[in-house]
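*Asks:* Right, I'll just put the structure down here and ask away after.
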Amino acid sequence: MSLIKSISGIRGTIGGRVSDGLSGVDIVRFTAAYCVQRAEALPTNRKIVVGRDARISGEMVYQLVSGTLLSMGYDVVNIGLATTPTTELAVTGEQAAGGIILTASHNPKQWNALKLLNEKGEFLNDAEGKAVLDIAAREDFVFAEVDKIGHIIEKDYLPYHIEKVLQLPLVKKEAIAKRHFKVAIDCVNSVGGLAIPAMLRALGVEDIICMNCEPTGDFAHNPEPIPQNLTGISEMMRTAGADVGFVVDPDVDRLAILCEDGEMFVEEYTLVSVADYVLSHTKGNTVSNLSSSRALSDVTVRHGGSYSAAAVGEVNVVTEMKRTHAVIGGEGNGGVIYPECHYGRDALVGIALFLSGLAEKGCTVSEWKRELPQYAISKNRIDLSPQMDVDEVLRRVKETYRNERVNDIDGVKIDFADGWVHLRKSNTEPIIRVYSEAATIDEANRLARQVMKMIEQ
């Protein structure tokens, strides 16, 4: 069992002892602490939006969260089964004090989490997140008296979300419809099965091949949308004659794309391709995190813009995007953030912009991929043992490679002339992530092994 507390939310496996797994007591404690923090920030706004993915534990967690919100004097806008970006948009749509998304993103089905949003529908910043953790540790909350208990309001925000996407000037619905795309999707038995077909139909796509679109929460495969987990849709595309494949994670903030031949477009290139399309129409800057491909920087420079890197984490990317007035940004895990819609990773936005670019180019997915800067990224991990001192490990790596370009704003990133390696402790799992990139996958793997071998000695 595991419970991970961070400024962006509380994540853990369901069950276990208090403060071991994500128990009912922990859910109530951190929800109440969030209410206190929101009340301090916005004393007169007593409305919180709650949305959830289709996890088996979702209804149970929702009952605990909504009951706690009501008991703290907050009205609950329950948007039910909803994507993370839908929930983010619902917060501003409702002019609420914040929102709670019940999802553990790409983690397996035994996990769930409370993702905490501010009144802008964005993740809590560092100070706000630390305040929630501090309040929870002190259990410094007071529940409402009977006449001040909140109420539940039921709403469906998916149509609102889809309409926001359709209104974006760079979303070319008519051009998409004229191409008569045949689209395959894998929605890993969660809320993408509700949202993605609806989004595609709204874009004029009529031929949709659905895989794992029943929102049962019993994931048909490991829900992280990376190549080794997507063999099913890859095989299906080779026989179905689809033009493109889209795969999302359980809460639909990450998007992976497959080429017409069933080969992976590679999740790093989701953001790169969408940025390529956006920058061809809108001059400006871009941002991604330190673990993302150099290809975004190359594409940005090609279009006359400036690229900046941020620490890993959506809130960090958004902060840097606002600072640099970036017109597009995100993370190399398939997360596209398009401020024209909202400051949050959004697979619906990613799909709409990608199909718009594909329609405009009049090419195949694999042909577009070949137009982009070519890099190969290797994503590895080191499982943490209780005895491992992560800070000491990272210090040794930094010292060993002190003659290279080293960035330590988030773990340690070593920039070599022909590639890079980035090591950081995960905020969502008890592991060290080791990402590396080079011109070929063999070279990227070699760089990763070189650093990992030093750590494991």
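Values in this text are rule-based calculations from the coordinates and carry no lab data. None of these values were measured; they are calculated from a predicted model. Because the Cβ atoms are built from the backbone with ideal geometry, glycine has one as well, and the counts that use them run over all protein chains shown.
*Asks:* Based on Cα positions only, what radius of gyration and what Dmax would you give for region 152-289, in angstroms?
*Replies:* 15.4, 48
*Asks:* How big is region 376-456 on each of its three principal axes, counting only the C-alpha atoms and giving the largest first in Å?
*Replies:* 35, 24, 21 Å, listed from the longest principal axis down.
*Asks:* Ok, one more. Mean separation of Cα pairs under 8 Å and 6+ residues apart, divided by the residue count of the chain: what relative contact order is that in percent?
*Replies:* 12
*Asks:* Could you work out how much longer the chain between residue 177 and residue 456 gets when fully extended? Use 0.36 nm per residue separation minus the Cα distance between them, nm to one decimal.
*Replies:* Additional length available on full extension: 95.2 nm.
*Asks:* Another question, if that's okay. Helix-only estimate, please: 222 nm mean residue ellipticity of the chain, summing -39500 (n - 2.57) across DSSP H runs of length 4 or more and dividing by its residues, to the nearest 500.
*Replies:* It comes out at -12000 deg cm²/dmol, rounded to the nearest 500.
*Asks:* At a threshold of 8 angstrom on Cα-Cα distance, excluding pairs fewer than six apart, so keeping six or more, what relative contact order does region 1-157 reach in percent?
*Replies:* Answer for region 1-157 is 31 percent.
*Asks:* Counting alpha carbon pairs within less than 8 Å and at least 6 residues apart, what relative contact order, in whole percent, applies to region 161-371?
*Replies:* The normalised contact order for region 161-371 reaches 21 percent.
*Asks:* Need one number: convex hull volume per residue for the chain, Cα atoms only, in Å³.
*Replies:* Dividing the Cα hull volume of the chain by its residue count gives 134 Å³.
*Asks:* Take every DSSP beta bridge whose two residues both sit in region 140-290, then give the antiparallel share in percent to the nearest 5.
*Replies:* Of those bridges, close to 35 percent are antiparallel.
*Asks:* Give me the three principal axis extents of region 68-122 from the C-alpha atoms, as integers in angstrom, largest value leading.
*Replies:* Reported extents, whole Å, longest axis first: 32, 24, 17.
*Asks:* Report the Stokes-Einstein translational diffusion coefficient (µm² s⁻¹, integer) for region 1-82, Rh taken as the Kirkwood radius over Cα pairs, at 25 °C with viscosity 0.890 mPa s.
*Replies:* Diffusion coefficient, whole number: 185 µm²/s.
*Asks:* Please report the antiparallel percentage of the DSSP beta bridges confined to the chain, to the nearest 5.
*Replies:* So the antiparallel bridges in the chain amount to around 60 percent.
*Asks:* Tell me, 391, 20 in order of fewest to most beta-carbon neighbours within 10 Å?
*Replies:* 391, 20
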